[in-house]
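Notes follow the structure.
The values are calculated or read from the model by the stated rules, or taken from the named source; none is laboratory data. Since the model is a prediction, treat every value here as computed from it, not as a measurement. Cβ: placed from backbone, ideal geometry, glycine included. Neighbour counts: every protein chain shown.
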Amino acid sequence: MNAVGYTAVAGQIVAVTAGAPLLTGWMRQVRARLEGRAGAGVLQPWRDARKLLRKEPITPAGTGPAFRAAPALLVATTVVTAALVPLLSTDTPVSGHADLIVVVSLIALGTLALALAGLDTGTAFGGMGASREMTVAALVEPTILLSVFALSIPAGTTNIPAIVTGAVDEPARLASPAGLLAVAALAVAVLAETGRIPVDNPSTHLELTMIHEAMVLEYAGPDLALVELGAQMRLTLLLGLLSSLFVPWGIATTGSWAALAVALVLLAAKLVLLGAVLAAAEVFWAKVRLFRVPELLAGSFLLALLAVTASYFLTGAS
Amino acid sequence: MNGGLYTQLLDLACGLFLLAAVLVLWVRELAVIVRIFALQGIALAALAVLLGAHEQRWDLIGVGIGIGLLRAGVLPYLMRRALAAITADRQRYGTAVAESRETQPLVNVAASLLTAALLTLLAYAVARPLTELNPTPATRALPVGLAVVLIGFFVLVTRRRALAQVVGFLLLDNGITATAFLATSGVPLIVELGVSFDVLLAVLVLQILTTRMREAFGTTDIDDLRELHD
């Protein structure tokens, strides 16, 4: 059992790290095809990373340790979170530590590291991006916490593997109003946290609108490769978390090799599907004006809060 | 009907009912607000039909269907007609967009969403002693009705367009009806008929009032109604 558990943890880390650029490439490819372009291929983010890694590391003059540590910190927090969150199996040696609050604070730590790096460069864009990112993050973190709390109330614990196991046993929990509201709230929060289209546009460098890109403008070479890998991994991780919480079927709940293999295949299938849906939706959406973003996030916070209150007064089949 | 399925469907109807009220606060397009109101009417009708089916009272199912026809069919139709009249008139001056949107509510959208959250919590706190008297799935959903009443009041006081105010008034009424259903498993048919005709009449009168306002001021912004004339 222990061997299977450790393999599951290693599998999650490898799947998120290696799969993240592929997922991004896949989403760009879907988007390109829908827009009538040929697209660069699914492997393009890996090729970009290889090109960047070969370059000479350069840091701008006057930047301090915050700037240099941020890419590594971003990737490191994401790797730890990937090990904790039940993407493949709920029965791992670390599943006892996979508390909701730990996971959210690890994600927030990565955001904070990047924002500090943006401030550290001392350029106008870095500071602007950092301030915007913190505005968004301040609204997103409570939303993520609340929407998962709505699911943790029926489970009676904030331990994410326990929530997922409970949902596998009782699918009725997810079809309740609380579950549905929580899905909507968490989906908006994930879009905002990963800087996808209604909140931020990942493919432009327009100075007036960018959030994430503004913070990382000064990075080059291997550091830039790490920052991009970190952003891609966060997207993969959060989409994986979303699918684990709301479509938990197929995740291994016992320590058997066959279940683990099935879980890996199903995780890939869910992520590919979710990525395709997200990319297709992005073709039809426009980016929301920056001053409208708090409105969108307040709405998703409200949905999360309603999910929590609804799980009190609409307590399902009891 | 089996108990688990009944509870789940009832919860879904209540959730949809509450969500529709919140969405009215979120969107600005008046046409979309009317459509969301129709959706809420369907949720309310489903609530009544579910309660009727659970207690096997045919009159309650009849009331539910009647409510569905009135609140998801007739009232949205009337409001859509009023909206079309307003915008068609303004098209000539190129201000139709300003007239068909709730552009400047007295409380901005983000703040009103947060207020809606607080109102829901308040409704939950207030309804708790009532629920404890007889905790069934229906009475446990009582806060939903109260929350919609409070949100309806909030829409009434913060929105400026006459049509948005009508929707606020109807939200309030939907909330009262839902509370009656959930707390007492339905009011007698004759009372419900009286209330429904009352609401229909109120909307007709408000529609005429909206038209008159537009003729007098050229806009449906109720801030222009500052003083009474004889």
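Please specify each residue of the range B:1-15 satisfying the condition of being among the polar types (S, T, N, Q) and at the interface with chain A (Cβ under 8 Å from one of its Cβ atoms). If you could, list the steps in order and put the result at the bottom.
Step one: list which residues in the range B:1-15 are among the polar types (S, T, N, Q), which gives B:2, B:7-8.
Passing the criteria: B:T7, B:Q8.
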message = Given the criteria closer than 30 Å to A:A172 by Cα and out of contact with any Lys or Arg (no Cβ under 8 Å at 6 or more places or on another chain), does B:V49 qualify?
response = yes
Members of the range B:129-161 found to be in contact (Cβ under 8 Å) with a residue 12 or more places away in the chain and either touching a strand residue (DSSP E or B) at 6+ places or on another chain (Cβ under 8 Å) or charged (D, E, K, R) (or both), listed by number = B:R159, B:R160, B:R161
ask   = A:S176 versus (1) of a type in the set (S, T, Y); (2) surrounded by fewer than 21 Cβ atoms within 10 Å (Cβ to Cβ); (3) over 21 Å from A:Q12 (Cα atoms): which is the lone unmet condition?
value = (2)
Pick from the range A:93-105, criterion out of contact with any Ser or Thr (no Cβ under 9 Å at 6 or more places or on another chain) and in contact (Cβ under 8 Å) with a residue 60 or more places away in the chain, ranking: surrounded by the most Cβ atoms within 10 Å (Cβ to Cβ) = A:V94
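Farther than 30 Å from A:N159 by Cβ and either modelled with pLDDT of 95 or more or β-branched (V, I, T) (or both): which single residue out of A:T59, A:T77, A:T92, A:T7 fits that description?
Among A:T59, A:T77, A:T92, A:T7, only A:T59 is farther than 30 Å from A:N159 by Cβ and either modelled with pLDDT of 95 or more or β-branched (V, I, T) (or both).
Being in a loop (DSSP other than H, G, I, E, B) and at negative phi is the filter here, so list the residues in the range A:236-271 that pass it.
Taking the range A:236-271 first, the residues in a loop (DSSP other than H, G, I, E, B) are A:247-251, A:253-256.
Matches in the range A:236-271: A:V247, A:P248, A:W249, A:I251, A:T253, A:T254, A:G255, A:S256.
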ask   = Given the conditions (1) modelled with pLDDT under 85; (2) buried (at least 23 other Cβ atoms within 10 Å of the Cβ); (3) part of a helix (DSSP H, G or I), and given that A:D200 satisfies all but one, which numbered condition is not satisfied?
value = (3)
Hits in the range A:21-56 - residues which are at positive phi and modelled with pLDDT of 90 or more = A:G36
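Mind checking whether some residue in the range A:115-133 is closer than 30 Å to A:A310 by Cβ and more than 14 Å from chain B (Cβ to nearest Cβ)? Working first, answer last.
As a first pass, look at the range A:115-133 and keep what is closer than 30 Å to A:A310 by Cβ: none.
No, there is no match, as no residue in the range A:115-133 is closer than 30 Å to A:A310 by Cβ and more than 14 Å from chain B (Cβ to nearest Cβ).
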ask   = Right, B:A180: over 17 Å from B:L19 (Cα atoms) and either small (G, A, S) or without any contact (Cβ under 8 Å) to a residue 12 or more places away in the chain (or both) or not?
value = yes
query = So, of the residues in the range A:217-234 that are in a helix (DSSP H, G or I) and of a type in the set (A, V, I, L, M, F, W, C), which turns out to be surrounded by the most Cβ atoms within 10 Å (Cβ to Cβ)?
reply = A:M233
message = Go through (1) in contact with a Lys or Arg (Cβ under 7 Å, 6 or more places away or on another chain); (2) assigned to a helix (DSSP H, G or I) for A:V183 and report which single condition fails.
response = (1)
ask   = Among (1) at pLDDT 80 or above; (2) within 14 Å of chain A (Cβ to nearest Cβ), which single condition is B:T103 missing?
value = (1)
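Restricting attention to the range A:36-68, which residues are under 30 Å from A:A276 (Cβ atoms) and without any contact (Cβ under 8 Å) to a residue 12 or more places away in the chain?
Answer for the range A:36-68, where residues must be under 30 Å from A:A276 (Cβ atoms) and without any contact (Cβ under 8 Å) to a residue 12 or more places away in the chain: A:G36, A:R37, A:A38, A:G39, A:R47, A:R50, A:K51.
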note = A careful count of residues in the range B:174-194 that are crowded, with 22+ Cβ neighbours inside 10 Å, of a type outside the set (S, T, N, Q) and under 21 Å from B:F153 (Cβ atoms) gives 4
Answer residue from the range A:203-216, given it is among the aliphatic types (A, V, I, L, M) and in a loop (DSSP other than H, G, I, E, B) and is farthest from the other protein chains (Cβ to nearest Cβ) among those = A:V216
query = Does any residue in the range B:101-113 that is touching a residue at least 40 places away in the same chain (Cβ under 8 Å) come within less than 6 Å, Cβ to Cβ, of a residue that is assigned to a loop (DSSP other than H, G, I, E, B) six or more places away or on a different chain, and which pairs are these?
reply = B:R101/B:R28; B:E102/B:R28; B:E102/B:R159; B:P105/B:R159
task = Report the residue count in the range A:285-295 for those that are more than 9 Å from chain B (Cβ to nearest Cβ) and assigned to a helix (DSSP H, G or I).
result = 3
query = Just one of the numbered conditions (1) surrounded by fewer than 17 Cβ atoms within 10 Å (Cβ to Cβ); (2) modelled with pLDDT of 90 or more is not true of A:L119; which one?
reply = (1)
query = Do the conditions hold for A:L303, that is, is it away from every other protein chain (no Cβ under 14 Å) and buried (at least 20 other Cβ atoms within 10 Å of the Cβ)?
reply = no
